[in-house]
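So the structure is just underneath, and the comments pick up after that.
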């Protein structure tokens, strides 16, 4: 009786060991990265390091009409909204203020994350050195690109990691975050062309074409129009101000 | 000699007077940061150029078309300096009537966009698809209608000793790199004759870019539009059934438990069922046609309907009141204010119960100068009304009284406009020898021995109030106005 009990315990132990072995075999890569003792690729490291800063920069410029520090803005709910099309006069269509909106936003995001990219690159090198690698990095500039569904950070730096006889080369790194900024900017450009031609844009036209888009148009008393574009699924937002064909009170100034 | 001196002095005086009045300058940049504005010289940023002329007459601020040669985007009304500073290509056409900005139909996969040729090239490169730019399509609607999606079908292949299947296009099928591939156009992976491992399920899914809820097979392939009555029908799981031949076409099918033939333009779209938002759960699967209509102030509006709000003080056009357009889209009610000071009004039409509204200019400006009723009431030209008993020959008044910034005395013309309706009532009374008092008023009937006639006063105030924010009124919040005379309110 005692002997058969011991056999049962050994069988149970055996089953548990086999189960653990199977689990490790199946999920090893995930377990490895979760526990943090694995060596990440340089692009994986950079993605983790810069992702939050990149997302934050995108959000910051998108609620301020595409600028980090709006120069000429309308204050809407304590938020500075850059005028992308503006006229100081009454009854006239607006003058375009930011015709190359996409490249302007790309430059603004780049400026905002420049410092963080540098810090992340330094910590990347430091980490690999600690792991016993000889790190050789080619310092190059980076650029930010807005693409459909993504914002991509292209790092031009090439890396060479050497440990013993083995050398790994990494030419370029791409860090991307999900964002509908590209789509929202395309719609903003279309709205701005309407503002410059007719003084106003019809919001329902855009909501008919783009089923997941919300376009809010809020006219202010002094003639400014605030536009808020929101993707209903991702909740990404782009908001800006325009002043075109403004009406004065009464007949206007005497 | 003396006369010449007088003329010179007078000339200098006039010049100084003109400059004091404030000639419009073209500022390359204003102190506020706006580019290329016609404004007073004092507003110009001294670090940038300025000229005592209109911006259109300067080379640097002349408006034209700014062309982004990389993205293929054209921006209208752009000053030359602003475009070139941002590395755009500037062309002398403010409305962008230049060859680079000519629009055509860009067909990319099963999508279409009415854009410039360069924009089409850019989109094609982004999506890594072949360019198909059609200049024979002249408008956006025609362009969208000309899209043709590649025909899909069952792509059958062998994998791990099993007959597998994917519901994809022919091109994707033969580029998939699988072995023993055969393509069956318009067939579903669940067709019995294909003998694949993919089987019917009771699951449904929403597909990006489509409104309808679809069945999915056990391999995860999208099948036909969800129809509870055909869940076990082998024919419905055999070949592709068009939207028009699916359940209840031409209706929104919102909150239908049995039909997933949703239609965005009819007010529904496929969404995962959410208690509290969707009224009915589908008989099979987790997805329903969500009703995109809205409820506002207890009234139901369809998705896409726009209507004029009944805002405070609108009926009487009281000071501070404003017109608003309401928009119902995707279950949300959006508020779009029309221009303030009632310079825009909201108009609404009802077509078979579907409301459509818009903000449009309030054409009140030339009402007072109309002297004939038929011109006054010409609705094609102006928004005015004729008052038979007018004041001071003022019978044509705005139908929607405009607002004035009467609190800003320096800028407001309210006193000038309102004073047009000023009228004096003179009551002359004579006491006869018998002691009886006889009074005459001018204009006739404006008063008697007891003072001003209440009915005359009301009538005059109505004319006065119709001119704008004039006369005795309460504001849109119901607060009475006040008049500061002799330091008293």
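The values are calculated or read from the model by the stated rules, or taken from the named source; none is laboratory data. Values in this document were obtained by computation on a predicted structure and should not be read as measured data. FYI the Cβ positions are ideal-geometry reconstructions off the backbone, even for glycines, and counts take in every protein chain you see.
State whether one or more residues within segment B:44-54 are facing another protein chain (nearest Cβ under 10 Å) and not in a strand (DSSP E or B). Outline the logic, then answer.
Filtering segment B:44-54 down to residues facing another protein chain (nearest Cβ under 10 Å) leaves none.
Checked segment B:44-54: no residue is facing another protein chain (nearest Cβ under 10 Å) and not in a strand (DSSP E or B).
Find all pairs meeting these conditions: Cβ atoms under 9 angstrom apart; at least six residues apart or on different chains; first residue within segment A:221-233 and on the phi > 0 side of the Ramachandran plot and within 11 Å of another protein chain (Cβ to nearest Cβ); second residue part of a strand (DSSP E or B) and buried (at least 16 other Cβ atoms within 10 Å of the Cβ). So the pair list comes out as A:223/A:243; A:223/A:246.
One line per residue, one yes/no per condition, for (1) assigned by TED's automatic domain parsing to the domain that holds residue B:392; (2) in contact with a helix residue (DSSP H, G or I) (Cβ under 8 Å, 6 or more places away or on another chain); (3) under 27 Å from residue B:316 (Cα atoms); (4) surrounded by 11 or more Cβ atoms within 10 Å (Cβ to Cβ):
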residue	(1), (2), (3), (4)
B:411	yes, no, yes, yes
B:420	yes, no, yes, yes
B:430	yes, no, no, no
B:439	yes, no, no, yes
B:455	yes, no, yes, no
B:462	yes, no, yes, yes
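Does residue B:446 satisfy being in contact with a helix residue (DSSP H, G or I) (Cβ under 7 Å, 6 or more places away or on another chain), surrounded by 12 or more Cβ atoms within 10 Å (Cβ to Cβ) and closer than 30 Å to residue B:344 by Cβ? It is false that residue B:446 is in contact with a helix residue (DSSP H, G or I) (Cβ under 7 Å, 6 or more places away or on another chain), surrounded by 12 or more Cβ atoms within 10 Å (Cβ to Cβ) and closer than 30 Å to residue B:344 by Cβ.
Quick check on segment B:141-157. Is at least one of its residues away from chain A (no Cβ under 14 Å), closer than 30 Å to residue B:74 by Cα and loosely packed, with under 12 Cβ neighbours inside 10 Å? Yes, there is a match, as at least one residue in segment B:141-157 is away from chain A (no Cβ under 14 Å), closer than 30 Å to residue B:74 by Cα and loosely packed, with under 12 Cβ neighbours inside 10 Å.
Total residues in segment B:61-104 satisfying the condition of being in a loop (DSSP other than H, G, I, E, B) and either within 26 Å of the chain's Cα centre (by Cα) or on the phi < 0 side of the Ramachandran plot (or both): the figure is 16. Name the residues in segment B:105-128 that are farther than 22 Å from residue A:102 by Cα and modelled with pLDDT of 85 or more, would you? Listed by number, the residues that qualify are B:105, B:107. Within segment B:55-77, the set of residues being facing another protein chain (nearest Cβ under 9 Å), out of contact with any strand residue (DSSP E or B) (no Cβ under 6 Å at 6 or more places or on another chain) and farther than 15 Å from residue B:103 by Cα comprises B:70 only. Residues that are surrounded by 22 or more Cβ atoms within 10 Å (Cβ to Cβ) number at least 1 in the following strands (runs of 3 or more DSSP E) confined to segment A:141-254: A:142-147, A:150-155, A:158-163, A:173-178, A:213-219, A:224-231, A:237-243. Taking residue B:306, is it touching a strand residue (DSSP E or B) at 6+ places or on another chain (Cβ under 6 Å), within 14 Å of chain A (Cβ to nearest Cβ) and either modelled with pLDDT under 95 or surrounded by fewer than 17 Cβ atoms within 10 Å (Cβ to Cβ) (or both)? Criteria not met by residue B:306. Among the residues of segment B:319-374, write down those that are more than 10 Å from every other protein chain (Cβ to nearest Cβ), outside any strand (DSSP E or B) and over 29 Å from residue B:470 (Cα atoms). Scanning segment B:319-374 gives B:352, B:353.
Which of the residues that make up segment B:100-137 are surrounded by fewer than 18 Cβ atoms within 10 Å (Cβ to Cβ) and out of contact with any strand residue (DSSP E or B) (no Cβ under 9 Å at 6 or more places or on another chain)?
At the first step, the residues of segment B:100-137 found to be surrounded by fewer than 18 Cβ atoms within 10 Å (Cβ to Cβ) are B:100, B:102, B:109-111, B:121, B:125-132, B:134-136.
Matches in segment B:100-137: B:109, B:110, B:111, B:125, B:128.
A single member of A:201, A:246 is closer than 27 Å to residue A:148 by Cα, touching a strand residue (DSSP E or B) at 6+ places or on another chain (Cβ under 8 Å) and more than 7 Å from every other protein chain (Cβ to nearest Cβ), and it is A:201.
Of all positions in segment B:466-476, none carries a residue that is surrounded by fewer than 17 Cβ atoms within 10 Å (Cβ to Cβ), within 30 Å of residue B:381 (Cβ to Cβ), outside the structural domain of residue B:312 (by TED's automatic domain parsing) and without any contact (Cβ under 8 Å) to a residue 24 or more places away in the chain. Taken together, the residues in segment B:264-301 that are more than 21 Å from residue B:337 (Cβ to Cβ) and more than 13 Å from chain A (Cβ to nearest Cβ) amount to 22.
Residue by residue, here is whether (1) in contact with a strand residue (DSSP E or B) (Cβ under 6 Å, 6 or more places away or on another chain); (2) over 30 Å from residue A:232 (Cβ atoms) holds:
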site	(1), (2)
B:359	yes, no
B:362	yes, yes
B:366	no, yes
B:393	no, yes
B:401	no, yes
